[in-house]
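**Q** Here it is, the structure in full.
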Amino acid sequence: MAVLLDLDNTLFDSSKIYYATIKSLEANAKSLGFSSGKEFKKLYDSVRTEVKKELPENPVNRLRILYFKKISELLHKGVDPAFILRLDAAYFRFFLDGIKEWKKENLAEFKRILSLLRELQEVQSIVLITNESLRTQVLKLSVLLPKDIRYGLVTSEESGAEKPSPVIFQKALNGEDPKKSYLIGDSLQDDIKGGLSLGLETFHLDAPIASGKKKTVLEKKSLDGKSYWHSPDLASALNYILSLENGNLVL
């Protein structure tokens, strides 16, 4: 038995932090070798679009260092390793600082998530499953989760396939019975469709942490004729799984 847990926009608000990170790079553009923040943003948006068109089905299209290499080629008419590595280091410095700040802003709610994960790991194996590079996700996890949270990690990079391919889910399950396992994620296409194809009990999240105005109840929905749970946030999904495993609702 296992709980497969998506990382970005499931365990934390990756999208919000990403946009804040790009804003920070833009604000610090001159110290990073650009004439202005406007120049950085124009180049970044251009190469990001280019890479995603060139590699539409390849997880490599998410690698920031590839974007920064292309920026170097445009700005310096060639490959400048020091410039590329400086941009890459700055990107991850701002992103990891963003994770730390997000945890502070959502302290009570994130503590609740950690408490549920600690209880869950006593009855189920927790495996993080992600369409990202191993290095990128290890960096994020280094500041996101405390050491007492036990989990496995399976990336598309090491699986040779991205969600919703059954290959990455089977690698994450590692022989566990999918019909006795769970999947929690934010993407209907990548997470829910992939989990349902193998028979996992699946939970689709609105957000890692719900706003105060959202309902905190789970609802049954359907995708391609198969049922899944819609959950307003991660804590609600974890709480429900624990209620199934322990026979009582965790309050």
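The values are calculated or read from the model by the stated rules, or taken from the named source; none is laboratory data. Keep in mind it's a predicted model, so treat the numbers as computed, not measured. All Cβ positions, even for glycine, are placed from backbone atoms using ideal geometry, and neighbour counts span all protein chains on display.
**Q** Given (1) surrounded by fewer than 20 Cβ atoms within 10 Å (Cβ to Cβ); (2) under 15 Å from the mean Cα position of the chain (by Cα); (3) at pLDDT 95 or above, identify the lone condition not met by Lys171.
**A** (2)
**Q** Let me ask something else. Restricting attention to segment 110-136, which residues are touching a helix residue (DSSP H, G or I) at 6+ places or on another chain (Cβ under 7 Å) and more than 27 Å from Arg62 (Cβ to Cβ)?
**A** Passing the criteria: Arg112, Leu116, Glu119, Leu120, Val123, Gln124.
**Q** I've got another one for you. Residues that are within 16 Å of Thr136 (Cα to Cα): list the helices (runs of 4 or more DSSP H) wholly contained in segment 1-113 that include at least 2 such residues.
**A** 14-27, 64-76, 81-105
**Q** Out of the residues in segment 184-236 that are more than 14 Å from the chain's Cα centre (by Cα) and acidic (Asp, Glu), which is surrounded by the fewest Cβ atoms within 10 Å (Cβ to Cβ)?
**A** Asp224
**Q** Another question, if that's okay. What is the one condition in (1) assigned by TED's automatic domain parsing to the domain that holds Ile129; (2) of a type in the set (D, E, K, R); (3) farther than 17 Å from Ser133 by Cβ that Glu39 does not satisfy?
**A** Glu39 satisfies every listed condition except (1).
**Q** Among (1) of a type outside the set (Asp, Glu); (2) farther than 19 Å from Ser72 by Cα; (3) surrounded by 14 or more Cβ atoms within 10 Å (Cβ to Cβ), where does Tyr19 come up short?
**A** Going through the list (1) of a type outside the set (Asp, Glu); (2) farther than 19 Å from Ser72 by Cα; (3) surrounded by 14 or more Cβ atoms within 10 Å (Cβ to Cβ), Tyr19 breaks only (3).
**Q** Restricting to segment 45-60, what's the tally of residues that are within 24 Å of Ser159 (Cα to Cα) and surrounded by fewer than 16 Cβ atoms within 10 Å (Cβ to Cβ)?
**A** Counting residues in segment 45-60 that are within 24 Å of Ser159 (Cα to Cα) and surrounded by fewer than 16 Cβ atoms within 10 Å (Cβ to Cβ) gives 8.
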